[in-house]
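Peer 1: Here it is, the structure in full.
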Amino acid sequence: MQLPKEVVKAVAEAKHLVVFTGAGVSAESGMPTFRDALTGLWSNFDPMRLATPEAFLQDPPLVWGWYEWRRQLLLAIEPNPAHLAIAQLTKKVPKLTLITQNVDDLHERAGSQGALHLHGSIFEPRCFTCAKPYVFEGVPAMDEEQAITPPPCKACGDPVRPGVVWFGEALPETELDAAFAAAENCDCFLSIGTSGVVQPAAQLPVLAVEAGAWVAHINPEAIDVEGSKEFSLVGKAGSLLPQLLKQVEAWQAS
Ligand code: OAD
């Protein structure tokens with residue numbers, strides 16, 4: 001499929017490309033998204049019981065067990081062609097800033113380095129009280145319903161918590177500042193597989209549009225766009241991104 005030539009040209013000639021990803025980029029690896037109607041995690045689980053500091057304090061084994069289930073799912077899956085194409089795009093432009101809302105490590109396993117993880121990492125737990133990082137030891141057998149008591153912190157003995165940003169918590173400041181600066185200063189911005197409803201991350205494509213960058217959304221659902229420099233590419237990331245990469249390479253070779 002020929003993608004809009006404006007988008008291909010904008011990526012091929014970008015001086016600073018921003019790639020911003022959400023759960024949709026990992027969907028084809030087998031990781032459920034949050035908000036897809038039937039398969040999304042928040043369609044089947046209540047975020048207020050699983051993804052807030054209050055929920056953790058109320059029932060640590062329930063919350064820790066749920067994140068262990070997701071971590072184990074991640075250990076069993078692989079990056080998909082979308083992650084791989086993004087890693088290849090890094091080599092095609094002078095500067096690429098990768099910003100992700102995902103707590104998985106699939107971008108890294110595909111070869112991308114230096115991704116700004118706005119919502120933390122499921123692989124970097126820390127003590128709930130003193131924040132000392134915790135290193136996982138072994139993988140307990142379990143299913144998604146299973147509660148698991150979180151391990152005690154090696155420094156203070158309090159429970160270890162997942163290293164992710166929960167509802168009501170601040171995003172990591174350094175990553176957030178770098179992401180905002182990139183969105184405001186890039187000349188091309190790709191927003192991939194996000195519903196764009198969780199702030200402040202959802203502000204990033206808006207900032208890029210306001211800054212005059214070319215902006216393209218890649219999503220199976222059409223995204224509302226404004227102006228002549230914003231595009232909605234309707235389809236799956238694992239199919240559209242390799243096509244985009246190919247067409248960018250062809251443009252640069254021509
Ligand atoms: P959502 O689940 O809200 O949105 C996923 C988006 O991916 C939807 O718009 C889908 O249409 C799209 N999608 C599904 N399959 C796709 C595919 N194969 N290719 C491309 N797009 C696809 O996930 P996020 O926008 O990432 O926060 O959610 C934002 C935040 O909400 C998450 O980081 C998480 C959640 O609560 C925290 O954990 C703090």
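Peer 1: Can you find, among Gly22, Thr129, Phe34, the residue farthest towards the positive end of the dipole of segment 1-136? Put +1 on the C-beta of Lys and Arg, -1 on that of Asp and Glu.
Peer 2: The residue sitting most towards the positive pole is Gly22.
Peer 1: Per-residue HN-Hα couplings for segment 113-127, Karplus 6.51 cos²θ - 1.76 cosθ + 1.60 at θ = phi - 60°, whole Hz, x for Gly and Pro?
Peer 2: 10, x, 4, 8, 8, 5, 10, x, 9, 5, 8, 10, x, 8, 5
Peer 1: By the scheme Lys and Arg +1, Asp and Glu -1, what is the net charge of all other residues having a beta-carbon under 14 Å from that of Pro94?
Peer 2: +2
Peer 1: Report, in degrees rounded to the nearest 10, the 0 to 90 angle that the Cα long axis of helix 173-185 makes with the longest principal axis of the chain.
Peer 2: 10
Peer 1: Do any of Lys92/Lys132; Lys15/Lys132; Lys15/Lys246; Lys95/Lys132; Lys95/Lys236 go past 28 Å between their Cα atoms, and which?
Peer 2: Details: Lys92/Lys132 39 Å; Lys15/Lys132 39 Å; Lys15/Lys246 18 Å; Lys95/Lys132 34 Å; Lys95/Lys236 25 Å.
Checking Cα-Cα distances, Lys92/Lys132; Lys15/Lys132; Lys95/Lys132 exceed 28 Å.
Peer 1: Taking H placed 1.01 Å from N in the peptide plane, check which residues at least 5 places from Ile99 or on another chain put their amide H under 5 Å from its amide H.
Peer 2: For Ile99, whose amide H was placed from the backbone, the distant partners under 5 Å are Val19, Phe20, Thr21, Leu116.
Peer 1: Arrange the following residues from fewest to most other Cβ atoms within 10 Å of their Cβ: Arg70, Arg109.
Peer 2: Values: Arg70 19, Arg109 16.
Exposure proxy ranking, most exposed first: Arg109, Arg70.
Peer 1: Less than 12 Å Cβ to Cβ from Leu118, Lys/Arg counted +1 and Asp/Glu -1: what total charge do the surrounding residues give? Write out the running numbers ahead of the final one.
Peer 2: Values: positive: none; negative: Glu169, Glu173, Glu175, Asp177.
Summing Lys and Arg as +1 and Asp and Glu as -1 gives -4.
Peer 1: Could you please state, rounded to a whole Å, how far the C-alpha centre of segment 215-230 is from the C-alpha centre of segment 22-93?
Peer 2: Between the Cα centres of segment 215-230 and segment 22-93 lies a distance of 24 Å.
Peer 1: In whole Hz, what ³J(HN,Hα) sequence does segment 18-32 give by Karplus (6.51, -1.76, 1.60; θ = phi - 60°), x for Gly and Pro?
Peer 2: Those phi angles translate into 10, 10, 10, 10, x, 4, x, 6, 9, 4, 6, 7, x, 9, x Hz.
Peer 1: What do you get for the angle between helix 237-253 and the principal long axis of the chain? Use alpha-carbon atoms, 0 to 90 degrees, nearest ten.
Peer 2: So the helix axis and the longest Cα principal axis differ by about 40 degrees.
Peer 1: When the C-alpha atoms of the chain are aligned to their principal axes, what extent does each axis show, in angstrom, from largest down?
Peer 2: Cα extents, longest axis first: 60, 31, 30 Å.
Peer 1: Please give me the summed charge of the neighbours of Cys188: other residues whose Cβ is under 9 Å from its Cβ, Lys and Arg +1, Asp and Glu -1. Each step should come with its number before you reach the end.
Peer 2: Values: positive: Lys15; negative: Glu13, Asp187.
Every neighbour counted, the sum reads -1.
Peer 1: Moving to a separate point now. What percent does the relative contact order of the chain come to when contacts are Cα pairs within less than 8 Å and at least six residues apart?
Peer 2: Working: 468 pairs, mean separation 67.0, N = 254.
Reported as a whole number, the value is 26 percent.
Peer 1: For a protection proxy built on the mean count of beta-carbon atoms within 10 angstrom, sort 118-124, 47-53 highest first, please.
Peer 2: On the way: 118-124: 19.3, 47-53: 16.0.
So the order, starting with the most tightly packed, is 118-124, 47-53.
Rule-based calculations on the coordinates, nothing more; no lab input. Model, not experiment: these values are computed from the prediction. When we count neighbours, we look across all protein chains shown, and the Cβ atoms used for this are built from the backbone with ideal geometry, even at glycine.
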